[in-house]
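Structure first, then comments.
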Amino acid sequence: MAVSPEYTLTLSPRTRFDLIDVNALLRETHGDVLARYPRALYASYHTTAGYVEEPDLHRLGVGPQGVRAHVEAYRRLYPEGAGYRHDHLPERHELTEEQKKTEPLNADAHLSFIGAGLTNCVTYTARPDEPALFVDLDGVGVTGPRSRRTTVIGFGSEKLVAHAVLAAPASELRVDSFNLRDGAFGLFDELQALVERHGVSKGRLELRLLDDDVHAGLTVNEFETLLMTHDVREVMRNPFYFAAQKTWHAVRHPRSAREKLTDYAKYDAVLLVNQTLDRLGLRGTPVETAMNTLMGNSARKRLRMKRTVNLPVSDHDRDGVGEIVQGTYQSPILIQWNRPRQSVRHVDVRLYAFD
């Protein structure tokens, strides 16, 4: 079975937090093009908008209710305007004064994206009549609705064509993060060389941490210094920090104790989860189990850090020559919450070609 042509769609979110059915839009604009393909890849080009992985969908349900409830719980943990360093534009020296006028204050969206386990690239069992939900956490900015893009590729099967274990950076700091797209590490160049060496025109790269590396996780997001070195660290120390900060600024009472507000925020998050489950009739379902991971104590549960991320490979820019597809601000990022046993980490890399 030949690989389907790519379909890149432009999406228009209606609200800041929006769920868009990509399958419905694809049928509307191109017809039932996925009907003959048992699998489909969906890729987002954005760092605050993406997809829920298929195993999570099985727990949450394919419809929007479970996904919305799941993401809303994390949006309460990381509320808009909670004093994020990423949103303090005078410190964003990489931006020009003109750019600062329209730069979105969206640290909450980045943290919710990572925390809720959203990702840039997924493969689903193709069910064209069921929704494939594009989850946008920052769909409307200061200038109005933002233009979003997603790519869909139908395929019959995938074949493992290459396997390598590549060196990844580590740090002596307990909590640290690394932009794996940074040329100083050389990892991204090795990944692209792997694609070219094996002549993959359409497929995916799977990056997975080794089984014994239990103190780090992977995501694909914006590697912005203040976001990664300040805001993410605060979440690792205390998952309720920003919810408490929001309450602190709202109360503005000199005798308010921040420790007590953290307890309030924790209670508020639990209350939100319970109300959502009751409202949607999801008590006793897998959704309840999934949402209860919010209350875990480990860093991995605070930001539901993944062990694996995928990078799409496509030849849409150069026919027959596959390249790693990423949005302008997207980077694979390694976040550690404890020092590694050795001075270097390793990433298990698998390259799959679509048939």
## Note on the structure
In the neighbourhood of GLY320 defined by beta carbon distances under 14 Å, the net charge of the other residues (Lys, Arg +1; Asp, Glu -1) is -4
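What is the packing order of peptides 111-118, 158-165, taking the mean over residues of other C-beta atoms within 10 Å and listing the highest first?
Highest to lowest by the protection proxy: 111-118, 158-165.
Values in this text are rule-based calculations from the coordinates and carry no lab data. Just so it is clear, the model here is predicted, and its values are computed rather than measured. Note that we place each Cβ from the backbone using ideal geometry, even for glycine, and neighbour counts take in every protein chain shown.
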